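> Following this message is one structure expressed as structure tokens.
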Amino acid sequence: MRPLYVILDNGHGQDTPGKRSPVWPDGTQLFEYEFNRAIVNRVVVGLQKAGIHCTRLVPEQHDVSITERIIRANRMIAAANRDGYQCILISVHGNAGGGTGFEVLTSVGKTISDDLAELFYQLAETVFLKNFPMRRDRSDGDSDKETDQVSILPKTNCPAVLTENLFMDTRKDCQLMQSSFGRDMIAEMHVEAIKKYKEKYAC
């Protein structure tokens, strides 16, 4: 097996319309671009401590189009493959729409991305986000929600998942998303899922 290389995609940018919580009674507001980057920054530190190679797909604060993200990702994947690595891509997001809980999206069809998604669900449910609902789609026998509407998932040349880490427009969820404790916990979940994936599928 080849060593692992992780591409971390922090979704959206400071100029993306919407993508923010309501202004809460205490005057605070969560901006998704900042939350996503805060999680990815923590994940990078955790992976570096674990000796796992990783990189940020979008170091910029402004939004980068899906087309450009796909181009960047596939260039990184090709370069890493030439150097003997196998790649995975994880796109980090916060959800919205009035729900609650955690979910993972993959592209349509049975792929190794489903196995990576399942590791996230296991850790979220049993350790990190056990007091929140796990939003699953069991119709095909596993937990992940499958979609081809998020084009970065089917169009990157490696296993790819998108994590939706609680709902920014639900107060209970957003309070955890805003807190340093919650961000540390969500980031640790990502790191532990990646480490488990590495143990199972990479050297």
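> Restrict the check to segment 180-194 and report whether at least one residue is farther than 30 Å from Val23 by Cα and not aliphatic (A, V, I, L, M).
yes
> Another question, if that's okay. For segment 1-39, give me each residue that is without any contact (Cβ under 8 Å) to a residue 60 or more places away in the chain and under 22 Å from Val161 (Cβ atoms).
Gly13, Thr16, Tyr33, Glu34, Asn36, Arg37
> Are there any pairs with C-beta distances below 6 angstrom linking a residue in segment 53-75 that is surrounded by 12 or more Cβ atoms within 10 Å (Cβ to Cβ) to a residue that is acidic (Asp, Glu), with the two at least 6 apart or on different chains, and if so which?
Close Cβ pairs satisfying both conditions: Leu57/Asp9; Asp63/Asp15.
> Would you check if Gly46 is outside any helix (DSSP H, G or I) and either under 18 Å from Lys155 (Cβ atoms) or of a type outside the set (D, E, K, R) (or both)?
No.
> A follow-up question, please. Any chance segment 35-44 includes a residue that's modelled with pLDDT of 95 or more, touching a Gly at 6+ places or on another chain (Cβ under 7 Å) and surrounded by 13 or more Cβ atoms within 10 Å (Cβ to Cβ)?
Scanning segment 35-44, I find at least one residue that is modelled with pLDDT of 95 or more, touching a Gly at 6+ places or on another chain (Cβ under 7 Å) and surrounded by 13 or more Cβ atoms within 10 Å (Cβ to Cβ), so the answer is yes.
> Scanning segment 27-37 for residues that are assigned to a helix (DSSP H, G or I) and more than 12 Å from the chain's Cα centre (by Cα), which turns out nearest to His62 (Cα to Cα)? Don't jump to the end; show me each part of the working.
First pass over segment 27-37, keeping only residues assigned to a helix (DSSP H, G or I): 32-37.
Narrowing the set further to residues that are more than 12 Å from the chain's Cα centre (by Cα) leaves 32-34.
Values: Glu32: 12, Tyr33: 9, Glu34: 10 Å.
Looking at the filtered set, the residue picked out is Tyr33.
> Which condition number does Ala80 fail, the rest of (1) crowded, with 21+ Cβ neighbours inside 10 Å; (2) assigned to a helix (DSSP H, G or I); (3) in contact with a helix residue (DSSP H, G or I) (Cβ under 9 Å, 6 or more places away or on another chain); (4) not basic (Lys, Arg) being met?
Of the numbered conditions (1) crowded, with 21+ Cβ neighbours inside 10 Å; (2) assigned to a helix (DSSP H, G or I); (3) in contact with a helix residue (DSSP H, G or I) (Cβ under 9 Å, 6 or more places away or on another chain); (4) not basic (Lys, Arg), the odd one out for Ala80 is (3).
> What tally of residues in segment 151-182 results from selecting those that are in contact with a helix residue (DSSP H, G or I) (Cβ under 9 Å, 6 or more places away or on another chain), under 26 Å from Ser65 (Cβ atoms) and crowded, with 18+ Cβ neighbours inside 10 Å?
Of the residues in segment 151-182, 14 are in contact with a helix residue (DSSP H, G or I) (Cβ under 9 Å, 6 or more places away or on another chain), under 26 Å from Ser65 (Cβ atoms) and crowded, with 18+ Cβ neighbours inside 10 Å.
> Just to check your reading of the model, which residue among Phe128, Phe120, Phe102 is among the aromatic types (Phe, Trp, Tyr), surrounded by 17 or more Cβ atoms within 10 Å (Cβ to Cβ), within 16 Å of Glu32 (Cα to Cα) and within 15 Å of the chain's Cα centre (by Cα)? Let's see the steps before the verdict.
Values: Phe128 fails: within 16 Å of Glu32 (Cα to Cα); Phe120 fails: within 16 Å of Glu32 (Cα to Cα).
From the options Phe128, Phe120, Phe102, the qualifying one is Phe102.
> To continue, here is another question. Go through segment 103-124 and give me each residue that's within 17 Å of Gln86 (Cβ to Cβ) and either without any contact (Cβ under 8 Å) to a residue 24 or more places away in the chain or in contact with a Gly (Cβ under 6 Å, 6 or more places away or on another chain) (or both).
Answer for segment 103-124, where residues must be within 17 Å of Gln86 (Cβ to Cβ) and either without any contact (Cβ under 8 Å) to a residue 24 or more places away in the chain or in contact with a Gly (Cβ under 6 Å, 6 or more places away or on another chain) (or both): there is none.
> Same structure again: Only one residue in Ser91, Ser143 is buried (at least 19 other Cβ atoms within 10 Å of the Cβ), hydroxyl-bearing (Ser, Thr, Tyr), part of a loop (DSSP other than H, G, I, E, B) and in contact (Cβ under 8 Å) with a residue 12 or more places away in the chain, so which one is that?
Only one candidate passes the filter, namely Ser143.
> Another one. Among the candidates Gln48, Gln14, which residue alone is of a type in the set (S, T, N, Q), surrounded by fewer than 19 Cβ atoms within 10 Å (Cβ to Cβ) and more than 26 Å from Asn81 (Cβ to Cβ)?
Gln14
The values are calculated or read from the model by the stated rules, or taken from the named source; none is laboratory data. Since the structure is predicted, the reported quantities are computational estimates derived from the model, not experimental observations. Here the Cβ is made from the backbone with ideal geometry for all residues, glycine too, and neighbour counts use every protein chain on show.
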